[in-house]
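K.L.:
Once you've had a glance at the structure underneath, I'll fire off some questions.
Read the figures in this text as sums done on the coordinates, not as results from a lab. Computed from a predicted structure; not experimentally measured. Reconstructed Cβ throughout: ideal geometry from the backbone, glycine too, with neighbour counts over all protein chains shown.
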Amino acid sequence: MLMLSALMGAALAQNSNQTVATTATASSLEWDTKSIDVGKIQKDAPLELAFRFTNHSKDPVIIKNVRTSCGCTAAQHSQAPVLPGQSSEIKVSYDTRRIGFFNKTISVQTSDSGTPTILRITGTVE
């Protein structure tokens, strides 16, 4: 019984390694930055940021999905494919009605990578 359990565990580990190897590909997008610290910002002040990127592949790249970590953060992006050599951006806004430190993430899924790119905004609302 113990040997069967060990063999099943090894088979599962091998399968999970194969899954990771086939889905985790590097993105061909180069980001100007993946993290923006806005420092201190006044309560109720507008906060709008842009994460700019360039497509360095030979194929068009589509932004398939963009998700934010909470409802206080919103993100917008173009639906048009980003052609080779072209740049685009993900526009992010943050609701500054709550006082205190914030650390929010934006997950960007593209057509060229199985692994989402994680963008981050941080700061303190006073």
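K.L.:
For the stretch 26-125, what relative contact order do you get, as a whole percent, if you take Cα pairs closer than 8 Å and at least 6 residues apart?
P.N.:
Contact order relative to length: 37 percent.
K.L.:
Please give the charge dipole size of the stretch 26-125, origin at the Cα centre, charges +1 on K and R Cβ atoms and -1 on D and E Cβ atoms. Round to the nearest 20 debye.
P.N.:
Approximately 320 debye in magnitude.
K.L.:
Which of Ile106, Ser27, Thr73 sits farthest toward the positive end of the charge dipole of the stretch 26-125, with +1 on the Cβ of Lys and Arg and -1 on the Cβ of Asp and Glu?
P.N.:
Working it through, the farthest residue towards the positive pole turns out to be Thr73.
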